[in-house]
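Below: one structure, written as structure tokens.
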Amino acid sequence: MRILITGVCGFVGSALAEALIERTEGVHIAGTDNLMRPGAEANRLRLQRLGVEFVHGDLRMASDFAALPAADWVIDAAANPSVLAGLEGGSGSRRLFEHNLAGLVNVLEYCREHRAGLLLLSSSRVYSIPALAAIPLGVHDGAFALDAGAALPPGLSTGGIGPGFSTAPPVSLYGATKLASELMAAEYGLAFDFPVWVTRCGVLAGAGQFGTAGQGIFAYWINAHLRRRPLRYIGFDGKGHQARDAFHPRDLAALLVAQMKTARRDGQRLYTAGGGPANTMSLAQLNRWCDERFGPHAVASDPRPRAFDIPWIAMDNSDAARDFGWSIRTPLAAILDEIARHAQDHPDWLEVSGA
């Protein structure tokens, strides 16, 4: 099996490459990346030692695709990952569009030309911000959690947010690029008869994740706490109750392998995947964990709301469990411990990551 990973030198792309090499016999991994993200060069060297064929390229440039080897499957892990992307002014919004949507068209044309299947990694942030803000919640042990006694909207269950939850705008500029990517990928697959799987992912987290708030809040918070950097609870009364679910790229790799091995060509093609309620943690709980691990570190409170922030997200894995027998194998405690050990072993990680 020949697999091409876009954004291969990012955290998710590089972690998936490593996991696929470990679990898939006879696999050949090629990857491309423009190396614009701080820390990406270190991942390139590590991947080449693992036998990954690396081709420097920019997905926004159609001509760069001519240098890419043929593949059976493409994992599209290249994107600007921040929900605040495109809001800085200047050309930020245009750059977001070029990275997340225009670049995907070149990926889809590659799939059409090589008859390659596509595994598109989408985001939990394609969902409607007003609908997410209206989810009935209570506070339990310092974290927002579903109000079990309230009526839940379509697409939401006690297992989390599923594919059927509202995607009505606004979803943010970032969310709109990911939602449009899902639609374009589905249409290309149908028009040119190649398989497309779309997975809306919760927060992916693990050792080696770039320590910036926009790229991975769990890694950023642990690294910043350890180094005694200033930390703030922003919005939601400044108490840090906002909660997210986390899961490891190893678990995502297992789902992608199951999708690649599935012969069916019809039926459901869009799935949600994440840590689910069991792997969900608030900022206040995360800081408490860091206090116990590294010693107390005070967090400032800033109750002012911030654009596009939402109180709670946990993804529902029931569809993936039903169709692929897939489940989360890495508990949150193991993910946090892995990040902490990496942070302790790499005292300059925030600087390496560009934070």
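The values are calculated or read from the model by the stated rules, or taken from the named source; none is laboratory data. Here the structure is a predicted model, which is why all the values come from computation and not from measurement. So basically every Cβ, Gly included, is an ideal-geometry build from the backbone, and we count neighbours across all protein chains shown. Note: areas computed on protein heavy atoms with side chains; ligands, DNA, RNA excluded. Shrake-Rupley method; radii C 1.70, N 1.55, O 1.52, S 1.80 Å.
In table form, for the structure just shown:
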{"quantity": "Distance cut-off 22 Å, percentage of C-alpha pairs in segment 75-162 lying past it", "calculated": "51"}
{"quantity": "Rg and Dmax of segment 1-129, Cα atoms only, in Å", "calculated": "14.6, 47"}
{"quantity": "Spherically averaged projected area of segment 264-355 from its Cα convex hull (nm²)", "calculated": "9.4"}
{"quantity": "Within the chain: Cβ-based charge dipole about Cα centre, in debye rounded to nearest 20 (Lys, Arg +1; Asp, Glu -1)", "calculated": "280"}
{"quantity": "Surface share of carbon and sulfur [accessible, 1.4 angstrom probe, percent] for the chain", "calculated": "55"}
{"quantity": "Tail beyond 15 Å, pair distance distribution of segment 1-62 (Cα, percent)", "calculated": "41"}
{"quantity": "Gain in span if fully extended, Asp302 to Ala134, counting 0.36 nm per residue against the direct Cα distance", "calculated": "58.3 nm"}
{"quantity": "Helical mean residue ellipticity (222 nm; -39500 (n - 2.57) per DSSP H run of 4+; nearest 500) of the chain", "calculated": "-10500 deg cm²/dmol"}
{"quantity": "The chain - percent relative contact order, Cα under 8 Å, separation 6 or more", "calculated": "19"}
{"quantity": "Residues of the chain: accessible area per residue with a 1.4 Å probe, Å²", "calculated": "41"}
{"quantity": "Packing rank of 156-165, 245-254, where each peptide gets the mean count of other beta carbons within 10 Å, highest leading", "calculated": "245-254, 156-165"}
{"quantity": "Cα gyration tensor, segment 249-297 - rounded (a/c under 1.5), prolate or oblate", "calculated": "prolate"}
{"quantity": "Angstrom value of the Kirkwood radius, inverse mean 1/r, which spans all Cα pairs in segment 181-311", "calculated": "17.0"}
{"quantity": "Residue of Lys239, Lys178, Lys261 that the Gaussian network model of the chain assigns the largest fluctuation, springs spanning Cα pairs under 10 Å", "calculated": "Lys261"}
{"quantity": "Sorted largest first, extent of the chain alpha carbons per principal axis (Å)", "calculated": "53, 47, 43"}
{"quantity": "Distance from segment 274-300 to segment 14-73 (C-alpha centre basis), Å", "calculated": "33"}
{"quantity": "Residues in segment 322-355 that a label on Lys261 would reach, taking backbone N under 18 Å of a point 7 Å out along Cα→Cβ", "calculated": "322-330"}
{"quantity": "Kirkwood hydrodynamic radius (C-alpha pairs) into Stokes-Einstein, segment 128-191, 20 °C and 1.002 mPa s, D in µm²/s", "calculated": "158"}
{"quantity": "Order by protection proxy (mean Cβ within 10 Å, highest first), peptides 203-209, 262-268, 187-193, 322-328", "calculated": "203-209, 322-328, 187-193, 262-268"}
{"quantity": "Net lengthening on full extension, Ser93/Glu292 (0.36 nm per residue, minus Cα-Cα)", "calculated": "67.6 nm"}
{"quantity": "Nitroxide proxy distance, nm - points 7 Å out along Cα→Cβ at Glu113 and Leu190", "calculated": "2.6"}
{"quantity": "Model label zone, Thr158; criterion: amide N under 17 Å from point 7 Å along Cα-to-beta-carbon; scope segment 278-306", "calculated": "278-280"}
{"quantity": "Where His342, His225 fall by accessible area, highest first, once all protein chains stay in place (1.4 Å)", "calculated": "His342, His225"}
{"quantity": "GNM result for the chain, Cα springs below 10 Å: residue of Ala321, Ala77, Ala343 fluctuating most strongly", "calculated": "Ala321"}
{"quantity": "log10 of Debye I(q)/I(0), alpha-carbon scatterers only, for segment 93-234 at 0.08, 0.15, 0.21 Å⁻¹", "calculated": "-0.30, -0.97, -1.30"}
{"quantity": "Distance between modelled label sites at Val352 and Asp337, nm, 7 Å Cα→Cβ extension", "calculated": "2.2"}
{"quantity": "Ratio of Rg to Rh over segment 52-113 (Cα coordinates, Kirkwood Rh, two decimals)", "calculated": "1.02"}
